[in-house]
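Student: Take a look at this one; I'll ask things after.
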Amino acid sequence: MANRIFSTLPNSIFEEMSGLAMSLGAINLGQGYPDDPGPEAIRAKAADAVLNGNNQYPRTSGLSELREAVANHYRRTQNLDLDWTTEVTITSGATEALAAAFFGLIEPGDEVIVFQPLYDSYLPQIRRAGGVARLVTLQPPHWRFDRAMLEAAFTERTRFVVLNNPINPAGIVLPHEDLALLAEFCVAHDVIAICDEVWEQVVFGNSQHRPLIAYPGMRERCVKIGSAGKMFGLTGWKIGFLCAAPALTKAMSSAHQFLTFTTAPNLQTAVAWGLENSPDWWSAMPRALERSRDRLVDGLRREGFSVLSCQGTYFINVDLPASGISEGDRDFCLRAVKEAGVAAVPVSAFYEQDPVSTIMRLCFPKRDEILDAGIERLAKARELSRKG
């Protein structure tokens, strides 16, 4: 027993960098959470629901009021017609929604196409479900796929494709052309798309999020996953939305009941209220984040860093070679946190093979003084890197 290996799963890059930031007292621009505590009215609803509401097990599929609110929200914002009684399940965060989708749908040996860079839970979950991952590598600065890439990836054994849009860590909102192309391949190959769309409300400027489930032929073959944590900046609440046609929902809900079974009812009540009573939030929240993005981007560019385009999410990316940094992204990020007191995330951590190792990811929903100090410390890290 002493020599037995119980798991070969790696530690999360977020756990590693946040742990270093905490132990060293560094500024944390690595892990994706905002400094702002989130909408006060929604937090007050959660507190009231604890004191005056039902604190026993809710239905495994979620509170009816939240499932209906999710369907209403997507009808208003994305023109989707979801039946909340058969097509919406509430999960304990989007990561659990992903697990329910993978464990509920994948059969051993099924090929699953995944685009890298990728959220680090995808591959462990897919493989635990018995799936065989086929990786498609996206490259900076545009992070897009084309017909030739999809033709090389899809085979007669392909059963699923996992799409993250807007893309973390790339900060890119996929254009209509890419989504239409992927929908074409899914229909032609009879493939189900599992869509991680947690950043759907965090989109800037003229960029527009388009749900893949709305494309021709995708209504019955698409799983749409959302996150109240990302929508309202309440990342610790872990309230996810799992939306799909009834047959898919039935399989995924069955898996969900054996994962977390259900989710905190007071948080569900508060999110339901927030979805129905926050009409100004959906425009005010992205504008506030865009301001923080621009402060960090402008400050870094003044210091000589080369920053890639950011159309959505909480993250910007820095091109290290174009910024005069010869170290790989992981080495530079370790130097930055240990020697300059600022934590970042190397984008190579989001690849399993053939990684892009020249990009550093930074999280910008932070107070102005934190962003300004982060800029100063990253400039220091660059000088230390140049000196060797």
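The numbers here are math on the coordinates, done by the rules we state, and not lab data. Just so we're clear, the structure is a prediction, and the values are computed from it rather than from any experiment. Quick reminder, even Gly has a Cβ in these numbers, built from the backbone with ideal geometry, and neighbours come from all protein chains shown.
Student: Given the stretch 1-141, what whole percent of its Cα pairs are spread farther than 17 Å?
Tutor: 77 percent
Student: Within the stretch 40-276, what percent of beta bridges assigned by DSSP are antiparallel, to the nearest 5?
Tutor: Taking every DSSP beta bridge with both residues in the stretch 40-276, the antiparallel ones total about 30 percent.
Student: Additional query: Please compute the net charge surrounding His209, taking Lys and Arg as +1 and Asp and Glu as -1 over other residues with Cβ under 9 Å from its Cβ.
Tutor: Computed value for this residue: -1.
Student: Could you state the angle between the C-alpha long axis of helix 13-24 and the longest principal axis of the C-alpha atoms of the chain, as a value from 0 to 90 degrees rounded to the nearest 10?
Tutor: Value to nearest ten degrees: 50.
Student: With a point put 7 Å past each Cα toward its Cβ, work out how far Thr85 is from Ala188 in nm, to one decimal.
Tutor: 4.0 nm
Student: Under Stokes-Einstein, with the Kirkwood radius over Cα pairs standing in for Rh, what whole-number D in µm²/s applies to the chain at 20 °C and 1.002 mPa s?
Tutor: 99 µm²/s
Student: Could you give the size of the charge dipole of the chain about its Cα centre, using +1 on the Cβ of each K and R and -1 on the Cβ of each D and E, expressed in debye and rounded to the nearest 20?
Tutor: Approximately 460 debye in magnitude.
Student: Can you give the angle from 0 to 90° between the axis of helix 265-276 and the longest principal axis of the chain, with both taken from C-alpha atoms, to the nearest 10?
Tutor: Compared with the principal axis, the helix lies near 80 degrees.
Student: Putting +1 on Lys and Arg Cβ atoms and -1 on Asp and Glu Cβ atoms, find which of Ala255, Ser64, Asn54 reaches farthest to the positive end of the dipole of the chain.
Tutor: The residue sitting most towards the positive pole is Asn54.
Student: Let me ask something additional. If I stretch the segment between Val132 and Arg367 completely, what's the gain in nm (0.36 nm per residue apart, minus their alpha carbon distance), one decimal?
Tutor: In short, 80.4 nm is gained.
Student: Another one. Pairs of alpha-carbon atoms within less than 8 angstrom and 6+ residues apart define the contacts here; what relative contact order does the stretch 277-325 have, in percent?
Tutor: 26 percent
Student: Over the stretch 19-170, what is the mean sequence separation of C-alpha contacts under 8 Å (at least six apart), divided by residue count, expressed as relative contact order in percent?
Tutor: 17 percent
Student: Still on this structure: Tell me, in nm to one decimal, what length is gained between Asp319 and Asp280 on full extension, where the rule is 0.36 nm per residue of separation less the Cα-Cα distance?
Tutor: 10.5 nm
Student: Further question: Taking the mean number of other Cβ atoms within 10 Å as a proxy for protection, how do you rank 111-118, 281-288, 193-200 from highest to lowest?
Tutor: Highest-to-lowest ranking by the protection proxy: 193-200, 111-118, 281-288.
Student: Given R₀ = 30 Å, what would the calculated FRET efficiency be for Met22 paired with Arg59, taking r from the Cβ atoms and rounding to 0.05?
Tutor: 0.20
Student: Express in whole angstrom the spacing between the alpha-carbon centres of the stretch 161-184 and the stretch 192-240.
Tutor: Cα centroid of the stretch 161-184 versus Cα centroid of the stretch 192-240: 11 Å apart.
Student: Using Cα pairs under 8 angstrom and six or more residues apart, how large is the relative contact order of the chain, in percent?
Tutor: Once normalised by length, the contact order is 24 percent.
Student: Sticking with this structure for a sec: Once every DSSP H run of n ≥ 4 in the chain is given -39500 (n - 2.57) and the sum is divided by its residues, what mean residue ellipticity at 222 nm do you get, rounded to the nearest 500 deg cm²/dmol?
Tutor: After summing the helix terms and dividing by residue count, I get -13000 deg cm²/dmol.
Student: How would you classify the stretch 215-279 from its alpha-carbon gyration tensor, with a ≥ b ≥ c the square roots of the eigenvalues: rounded for a/c under 1.5, else prolate if a/b is greater than b/c, otherwise oblate?
Tutor: It is oblate, given that a/c is not under 1.5 and a/b is not larger than b/c.
Student: Could you order the peptides 136-149, 55-68 from most to least packed, using the average number of other C-beta atoms within 10 Å per residue?
Tutor: Highest to lowest by the protection proxy: 55-68, 136-149.
Student: Still on this structure, I have one more. Give the Rg (one decimal place) followed by the Dmax (whole number) of the stretch 247-336, computed from C-alpha coordinates and expressed in Å.
Tutor: Taking only Cα atoms of the stretch 247-336, I get Rg and Dmax of 20.7, 54 Å.
Student: For Asn52 and Arg157, FRET efficiency with R0 = 45 Å and r from the beta-carbon atoms, rounded to 0.05?
Tutor: 0.25
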